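What follows is a set of notes on a single structure, which appears directly below.
Laboratory data are not the source of any read-out in this text; all were calculated from the coordinates shown. Since the structure is predicted, the reported quantities are computational estimates derived from the model, not experimental observations. Cβ atoms come from the backbone with ideal geometry, glycine included; neighbour counts cover every protein chain shown.
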Amino acid sequence: MIIAIPMSRDRLATHFTKAPEIAFYDEHQQLITRVANPAQDGGCSAKKAMLNLITDHKADIVIVQFIGERMLGKLLDAGVSVSQADNSLSIDELMKNAQDLSCRLVDASQGRRSINHEKKGGCCGGASGGCGCGGKKTASSILEPRLLHVPQQALSSDAPIQYAGFRSLK
């Protein structure tokens, strides 16, 4: 069994795709190799290279603190288990935690939504020309918009509505 851990300063990285490197361990907690993360610079093709790196090293489990729903879905689709842990744990504790099935993420919806990807119109679509990853929109890659509930009385008032971020200050 091979376990991949995105690393930052010799700890589990808090952000999966922005980790400076990925460490690969065997089931005996022996370090196999540490590799520079090709996704650190961002972009869909770089994240695809990260996914390929993990699958090429035949990782069975990836340990994460936080991961986006799109990357989580791609790892799960590739047959890689994903275990969630806190970056305060030692490598030994992370490895033990990875064996605990209750720590596994089993659905892409358990990851964080990508606001930036949505702004770009999703894979290779939208007014801005898309993200440039070379992928195609599929029914599963189109994210449902989340609607903001606005009280009816706020809509009928004659007073102007002011905004700070996405919340009405009225």
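Some values worked out for this structure:
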quantity: Whole-Hz ³J(HN,Hα) from phi, Karplus 6.51 cos²θ - 1.76 cosθ + 1.60, for region 11-27, glycine and proline x; calculated: 10, 4, 5, 6, 10, 3, 7, 9, 5, x, 8, 10, 9, 10, 10, 8, 5
quantity: Calculated P(r) of region 1-98 - Cα pairs past 22 Å, %; calculated: 15 percent
quantity: Whole-number percent relative contact order across region 2-110, with pairs defined as alpha carbons under 8 Å at least 6 apart; calculated: 26 percent
quantity: Positive minus negative residues near Gln29 (Lys, Arg vs Asp, Glu; Cβ under 13 Å); calculated: -3
quantity: Distance in nm between pseudo-label sites at Ser114 and Ala49 (7 Å out along the Cβ direction from Cα); calculated: 1.6 nm
quantity: Label-reachable residues, region 71-115, where backbone N falls under 16 Å from a point 7 Å from Asp10's Cα toward its Cβ; calculated: 88-94
quantity: Region 20-40 versus region 63-86: alpha-carbon centroid distance in Å; calculated: 15 Å
quantity: Most to least packed among 101-109, 79-87 [average Cβ atoms within 10 Å]; calculated: 79-87, 101-109
quantity: Filtered trypsin sites (Lys or Arg not before Pro), region 5-100: DSSP coil and at most 10 other beta carbons within 10 Å; calculated: Arg9
